[in-house]
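A short worksheet on the structure shown next.
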Amino acid sequence: MKLLNIAWRNVFRHTRRTIITAAAISVGLSSMIFMNTMMNGADKMASRNIIDFETSHLEVFAKDYYREEGVFPLDTIIENPRYIADGIKDIPGIKGITPRVKFQASISNGIDELPVLGMGIDIENDRRIFETGNSVVAGRYLQNSGDVLIGTDLANDMSLEVGSYITIITKDRNGTYNAFDLEVAGLLNTGHPLFDRNMAVIPIAQAQELLAIEEGVTEMCIRAIDEETLGPLKEKVSEEIGAQYEVFTWKEMNAAIFEISGFKRAGQFMIGLVVVIIAAVGIINTMLMAVMERIPEIGTLKAMGFTNSRIVRMFIYEGGIIGAFGSALGCLIGLLISIYLVHVGLDFSGLFENVDIVYPMKFIIKGEIDYVNMLYVFLFGILVSVIVTLWPVRKATKLEPVDALRHV
Amino acid sequence: MIETIDLHKDYRIGKVLFPALRGIDMKIEDGEFTAIAGPSGSGKTTLLNIIGCLDVPTRGKILIDGTNINELSSRRKAELRKTQIGFVFQTFNLIPVLTAYENVELPLVLLNLEPDKKKERIVAILEEVGLGEFIGRRPNEMSGGQQQRVAIARALVKEPTMVLADEPTANLDSTTAKEILALMQELNEKHGTTFIFSTHDQLVMDYSRRTINLRDGRIVEDKRKPKGPR
Ligand SMILES: Nc1ncnc2c1ncn2[C@@H]1O[C@H](COP(=O)(O)OP(=O)(O)OP(=O)(O)O)[C@@H](O)[C@H]1O
Ligand SMILES: [Mg+2]
């Protein structure tokens, strides 16, 4: 006869109470898991969008360009991209390199004019390391000078379709306004709001001409073979190309976004905490009842010579078992919800339709399961149950045996 | 041997001290079968609790085999209860989730016995109290008399030097009460265990060799007789 055995049976002394308590715990924990899955999913989608469309893994800029990237300073660009490409192409671990030219522009359909982000890409190279080429949902990818790709959302906003003509207008390096007429070659649906709403993608040569920057590019995008170890690769690239250039990883360039996501995690944790407190109140109540109704029993055990620590342990097992049931149930429900989220996802698009959000993804969020987190949540549930049990039990065991025995 | 010297117990009720025991002097030899009798409120339970190390006297001494148990730490008292003292309660106080066998096993959890020996002892004592067939029953599947038998087996299984029973028959009908008393007497003779029980039931006093009568916290009579009826 072990204490654990007695505790186990006491758990089933009030089966319904145990089930209700475990259910309360499981609701709390499954919500925590749900939120974690969503947050992970959102972060993963954001990361994918950044890597697959925006920056790839590493970007090289001319020194001081990145500091002022927001204003697209054309006086600090990479004047000789060949030099960089040749310099680093033999570094092992690089999958591909492509130049890009980013600039501020506006496009007009003859009636409306909208500010956009213009982007000149190397037609052939770009599709080796970015997914842009694979996201053309209507029309075709860039082929000739005069082609432009725009996002489906932008097309809707400006009532454009494949074959429509637009004018792109920008200021060149010398401050002179330049304009080109372009034909919409294809529509992009990337899932990245920046690309789908605000981007005009044109052949790089045309961008260079438009900006009067000759062979210059604003950045060189590098895709690594191994996504996890970008640090050493960054160092090597940096060493190779010298001090007049700067190299950043995609994470460094998007620190702000993942800081926001740190905020989200804090929020998620707070909400989780509230839910867990609710669950904890449930189990406090149950364990309080379990202890109170068994005070004479505690007295009997004490009369037999049971020490307080043994009695406390017995109740801790009891609370722990209920906690384990609740946690297991919570993790199971959380897992099922998470699996649904991974495969189907949640559609927030209605909610954010008219809001401009910097977070680089669309609002159908698919989940991403974090099993380690789930394990922590499981242990957390048990821990909370045990801690919460301690309080009433410690109080009850402080009673003298006579008082405990007399208690009704 | 149990000896009390000028034992006093005051209960504090608000600001007033209520004297429940007012100078108890007595000696109980090993192996005695003693009833503590007296009307309700006379201090029987209080006295038994003090002898059983569940409570402490306000004044006076209580010696068990010469040791003043007042001076023991609560840990040592628990130790004493674990090995030397068995309790039987008016309300049986069995653990409802445990079977008869497991209830009797409970005190042995605290002692280091070999599993085989443990089992042997439990089965033997349950046979002795006449519950050989009820080993697997839970308390709520047994009559009051049967539950009290389990409680007696539980008190005796660790082979204590004394069993303290506070009104062990008060919740039983008279036939069952007689059976329980006869059983305790039999066990007392067989094992030589000291039995001290409280009662205000004449029937119970008829069974005892010695009856200590309490009134208002004092001993008013201490009478012995050669042998109780069987
Ligand atoms: N915890 C307590 N606090 C205050 N007074 C108490 C307490 N326990 C007992 N008393 C009082 O002490 C006196 C003796 O009580 P005790 O329980 O020992 O009597 P008893 O002889 O066992 O009575 P009964 O036959 O009713 O069980 C009673 O007057 C009772 O009211
Ligand atoms: Mg009493």
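Only the coordinates and a few stated rules stand behind these numbers; no lab work does. Treat the numbers as computed from the prediction; the structure is a model and nothing was measured. Because the Cβ atoms are built from the backbone with ideal geometry, glycine has one as well, and the counts that use them run over all protein chains shown.
With a Förster radius of 25 Å applied to the C-beta separation of A:Phe258 and A:Lys95, the computed FRET efficiency comes to 0.60. Computed extension length for A:Glu215-A:Gln143: 24.0 nm, one decimal, from 0.36 nm per residue of separation with the Cα-Cα distance subtracted. Spin-label model, A:Glu240/A:Leu114: points 7 Å from Cα along the beta carbon direction are separated by 3.9 nm. Looking at region B:2-224 alone, DSSP beta bridges between its own residues are antiparallel in about 55 percent of cases. Residues A:Trp391, A:Trp250, arranged from fewest to most other Cβ atoms within 10 angstrom of their Cβ, appear as A:Trp391, A:Trp250.
Treating r as the C-beta distance of A:Ser159 and A:Leu379 and R0 as 41 Å, the FRET efficiency rounds to 0.15.
Build a GNM of chain B with springs between Cα atoms under 10 Å: which of B:Ser73, B:Ser208, B:Ser42 gets the top mean-square fluctuation? Most flexible of the set in this elastic network: B:Ser73. The ranking of B:Thr211, B:Thr176, A:Thr15 from fewest to most other beta carbons within 10 Å of each one's beta carbon is A:Thr15, B:Thr176, B:Thr211. Shielding by partners for peptide A:302-312, expressed as the average number of C-beta atoms from other protein chains within 10 Å of each residue's C-beta, is 6.
Contact order, relative form, for region B:2-224: 31 percent (alpha carbon pairs under 8 Å, 6 or more residues apart, mean separation divided by residue count).
Restriction of the trypsin sites (Lys or Arg not before Pro) in region A:83-152 to DSSP coil positions whose beta-carbon has at most 16 other beta-carbons within 10 angstrom yields A:Lys89, A:Arg140. Helix-only arithmetic for the protein assembly as shown: the sum of -39500 (n - 2.57) across DSSP H runs with n ≥ 4, divided by the residue total, places the mean residue ellipticity at 222 nm at -15000 deg cm²/dmol. DSSP bridge analysis restricted to the protein assembly as shown gives an antiparallel fraction near 70%, rounded to the nearest 5. Highest mobility in the GNM of chain A, judged by mean-square fluctuation with C-alpha springs under 10 Å and restricted to A:Gly345, A:Gly305, A:Gly191, is found for A:Gly305.
Here the simple spin-label model places points 7 Å from the Cα toward Cβ, and for A:Ile387 and A:Phe269 these points are separated by 1.3 nm. Run a plain Debye calculation on the protein assembly as shown (Cα atoms as equal point scatterers, no solvent) and give log10 I(q)/I(0) at q = 0.06 Å⁻¹, rounded to two decimals, same order as the q list. Result of the Debye calculation: -0.57.
Evaluated over region A:56-252, the count of Lys pairs having alpha-carbon atoms less than 17 Å apart is 9 (only pairs 8 or more residues apart or interchain).
When we measure straight from the Cα of B:Lys158, which lysines land under 19 angstrom away, once same-chain ones fewer than 8 places off are left out? Within the straight-line cut-off, B:Lys158 pairs with A:Lys2, A:Lys302, B:Lys77, B:Lys82, B:Lys117, B:Lys118, B:Lys119, B:Lys190. Of the DSSP H helices in chain A, those that are both long (alpha-carbon extent of 24 Å or more along the helix axis) and hydrophobic (Kyte-Doolittle mean at least -0.5) are A:15-49, A:255-292, A:308-343, A:371-398. Sorted ascending by nearby beta carbons within 10 Å, beginning with the fewest, A:Ser26, B:Ser174 become B:Ser174, A:Ser26. With R₀ fixed at 51 Å, the C-beta to C-beta distance from B:Glu133 to B:Ser74 puts the FRET efficiency at about 0.80.
Who wins for biggest fluctuation among A:Thr218, A:Thr190, A:Thr286 in a Gaussian network model of chain A, springs between alpha carbons below 10 Å? Comparing A:Thr218, A:Thr190, A:Thr286 in the GNM, the peak value goes to A:Thr286. Reducing region B:110-135 and region A:58-89 to their Cα centroids gives an inter-centroid distance of 87 Å.
Here's the list of aspartates and glutamates a cross-link from B:Lys44 could span, going by alpha-carbon distance under 12 Å and ignoring same-chain residues fewer than 8 apart: B:Asp166, B:Glu167, B:Asp216.
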